[in-house]
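Worksheet for the structure shown next.
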Amino acid sequence: MNDLNYYYHLTSKPLALLIKENGMKSQVMRTGSNRAHPDGSFAKDRQKREMGRVVGELSTYVKQIISSGYTENQISENKGQAYLPMQFTLTGENSTDVPLVEAKREEKIKQYYAWFPNLPPKKKKWIQPALTRKPKTREELALMKKNKEAETERYNTFVSSILTDKCHFLGNLARDYISARYAIEELITTSHIYFAKPEYAEDAYTTYKQHIAGEQVMLRVKKEHVANSEDDDSDYRAVMTKNSVAPEYLEVMTQTSNMIGMNNRCDPSNWMPLSDLI
């Protein structure tokens with residue numbers, strides 16, 4: 001017994017009742033808006049992860065510049081000129097939009113480098129990283145770990161100081177770039193509907209049930225009724241499509257705990273036509 005012929009979609013019961021009447025459609029098809037719902041999983045995930053992504057992006061710039069030969073003090077002092085946000089028009093296709101904003105980011109980084117003084121040529125000297133040397137005693141190992149933790153904390157504090165300086169070009173670039181990446185993701189999210197692949201149905205259910213408030217139900221549809229599906233670049237467990245799915249092709253499970261375990265998930269008695277949901 002297996003469920004390889006089905007895709008799954010977890011939703012709230014009120015939304016399922018709307019789907020019962022109108023079928024599954026993307027937000028753009030339903031409302032004409034490409035702005036994600038503020039209570040949806042996209043908005044909640046963004047609120048949770050955006051600042052971490054900004055810090056990581058900024059740290060990448062800083063490490064790149066330091067590896068070029070500049071110091072942290074020089075980075076702090078070189079705030080750059082007034083930051084002008086990147087300008088672009090999105091198509092809703094990852095393969096087009098991501099390279100576009102990455103190219104815009106590289107232009108900004110080159111612009112920032114131009115504000116540094118020229119570096120004198122330096123002879124490269126190889127220095128063995130401290131933690132690659134095998135410690136001779138436990139005390140030496142403990143000291144090396146302590147020093148590394150202190151250096152990591154000091155570096156993170158430096159990156160945070162760049163980010164909190166609203167006049168620093170690099171901090172503004174990191175915020176702008178991550179915002180652009182979210183704009184790409186939002187446009188794709190609102191123009192598609194999503195399903196979990198059968199091989200990840202249980203895992204996806206366990207994850208996404210945390211993002212949906214109130215009473216939840218699970219929908220399933222045979223793969224043959226999902227036209228032009230493609231892998232979701234942002235989640236290997238999912239597929240997406242711009243096409244709608246008619247309500248008559250959908251079944252519903254009201255006791256969503258039955259998603260746990262193949263036998264429960266495949267038991268026909270745990271499913272009913274969506275048209276029977278009240």
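The values are calculated or read from the model by the stated rules, or taken from the named source; none is laboratory data. Nothing here was measured: the structure is a model prediction, and the numbers come from that model. Positions of Cβ are backbone-derived with ideal geometry, glycine not excepted, and every protein chain shown enters the neighbour counts. Just so you know, the surface numbers come from the protein's heavy atoms only, side chains and all, with ligands and any DNA or RNA stripped out. Shrake-Rupley method; radii C 1.70, N 1.55, O 1.52, S 1.80 Å.
Beta carbons closer than 8 Å, at least 6 apart along the sequence or on distinct chains, pair a first residue in the stretch 210-237 that is farther than 17 Å from Tyr7 by Cα and among the aliphatic types (A, V, I, L, M) with a second that is open to solvent by 30 Å² or more (accessible area, probe 1.4 Å) and part of a helix (DSSP H, G or I) for Ile212/Ser41.
Among the residues of the stretch 1-36, the ones that are part of a helix (DSSP H, G or I) and open to solvent by 40 Å² or more (accessible area, probe 1.4 Å) come to 12 in all.
Test of understanding: among Tyr155, Tyr182, which residue is at pLDDT below 95 and open to solvent by less than 50 Å² (accessible area, probe 1.4 Å)?
Matching residue, one of Tyr155, Tyr182: Tyr155.
Inspect all residues belonging to the stretch 81-97 and state whether any of them is over 18 Å from Ile178 (Cα atoms) and more than 18 Å from the chain's Cα centre (by Cα).
Initially, the stretch 81-97 is screened for residues over 18 Å from Ile178 (Cα atoms), giving 81-82.
In the following step, the residues that additionally are more than 18 Å from the chain's Cα centre (by Cα) were identified as 81-82.
Taking every residue of the stretch 81-97 in turn, at least one turns out to be over 18 Å from Ile178 (Cα atoms) and more than 18 Å from the chain's Cα centre (by Cα).
Given the structure, is Leu58 in a loop (DSSP other than H, G, I, E, B), under 25 Å from the mean Cα position of the chain (by Cα) and touching a residue at least 24 places away in the same chain (Cβ under 8 Å)? Spelling it out, it is not the case that Leu58 is in a loop (DSSP other than H, G, I, E, B), under 25 Å from the mean Cα position of the chain (by Cα) and touching a residue at least 24 places away in the same chain (Cβ under 8 Å).
Every listed requirement among (1) within 30 Å of Asp3 (Cβ to Cβ); (2) basic (Lys, Arg); (3) surrounded by 14 or more Cβ atoms within 10 Å (Cβ to Cβ) is met by Arg175 save one, (1). All conditions but one from (1) modelled with pLDDT under 90; (2) part of a loop (DSSP other than H, G, I, E, B) apply to Leu131; the one that does not is (2).
This table checks each residue for (1) closer than 26 Å to His168 by Cα; (2) at pLDDT 85 or above; (3) part of a loop (DSSP other than H, G, I, E, B); (4) open to solvent by 70 Å² or more (accessible area, probe 1.4 Å).
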| position | (1), (2), (3), (4) |
| --- | --- |
| Pro38 | no, no, yes, yes |
| Leu84 | yes, yes, yes, yes |
| Ser95 | no, yes, no, yes |
| Val98 | yes, yes, no, no |
| Lys104 | yes, yes, no, no |
| Asn118 | yes, no, yes, yes |
| Lys124 | no, no, yes, yes |
| Glu140 | no, no, no, yes |
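Candidates Glu77, Glu21: the one that is in contact with a Pro (Cβ under 8 Å, 6 or more places away or on another chain), at pLDDT 90 or above and of a type outside the set (Val, Ile, Thr) is Glu21.
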